[in-house]
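Please read the structure below before turning to the comments.
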Amino acid sequence: MRLLYTFCCVALAVLMTAGCAKQPSGQGGAGADGESAQAAKDIVETLAGDERFATLVKAVEAAGMVEVLKGAGPFTVFAPTNDAFQKLPAGRLDELLKPENQEKLKDLVGLHVVAQNLTGQEIDQLEPETPIQSYSAEFLNVKKEGGKVTVNGANVVEADIMAENGVIHAIDAVLTPPQ
């Protein structure tokens, strides 16, 4: 039932934001030419093309979320780096990657995905303490203080990695669902 509710929420959010998603303004780190080449890939291809996200790509695959993140979007992915996954308690990732834990892994990966395009500029314009619903139906607290952006306490270490179906923000911690 929760999966059906989550799917309906995501589908509604995608439909509501599809007509109002903004195009990248060209102010990302790569510049106009590099950004165009980068944006020709979807979220999964963009993550897979950056070694810093190898562990996240493995988790996306094991969670069965490749097709979701290859979809039309738009999506925002708060992408934990490999270093972020190394901060998890010993054995936690290996346990989650087991086939019998696919739903738990899907909840964890889904917590990092938002069904709307949130560039750094759009995050700057958010009202303080605005909750944003993740793919796993949990709410994220994305905020900016003193030029620093955090999501549920994790620091955004690189913003606005553009993909054709959304945007990726590298973060320094793995977000975990509430227990």
Open item on the list: If each residue of separation counts as 0.36 nm, what is the full-extension length gain between Q102 and D83 once their alpha-carbon separation is subtracted?
Closed with: 4.6 nm
Task: Projected label distance in nm at E127 and A72, using a 7 Å step from Cα toward the beta-carbon - done: 2.9
TODO: Once you have a ≥ b ≥ c as the square roots of the Cα gyration tensor eigenvalues for region 74-120, tell me rounded if a/c is under 1.5, and otherwise prolate or oblate according to whether a/b is larger than b/c.
DONE: oblate
TODO: Quote the charge dipole size of region 139-179 about the Cα centre in Debye, to the nearest 20; the model charges only the Cβ of Lys and Arg (+1) and of Asp and Glu (-1).
DONE: 200
Task: region 68-179: radius of gyration and largest Cα-Cα distance (Dmax), Å - done: 13.8, 43
Open item on the list: Given contacts defined as C-alpha pairs under 8 Å and at least six residues apart, what's the relative contact order of region 67-150, whole-number percent?
Closed with: 27
Task: All lysines inside 24 Å of K58 as judged from Cα atoms, apart from same-chain residues fewer than 8 positions distant - done: K41, K70, K87, K98, K104, K106
Task: Net charge over other residues, Cβ less than 11 angstrom from the Cβ of L93 (K, R count +1; D, E count -1) - done: +2
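Every number here is computed from the coordinates shown, using simple stated rules; none is lab data. This one's a predicted model, so the numbers in the text were calculated from it and none came from an experiment. Positions of Cβ are backbone-derived with ideal geometry, glycine not excepted, and every protein chain shown enters the neighbour counts.
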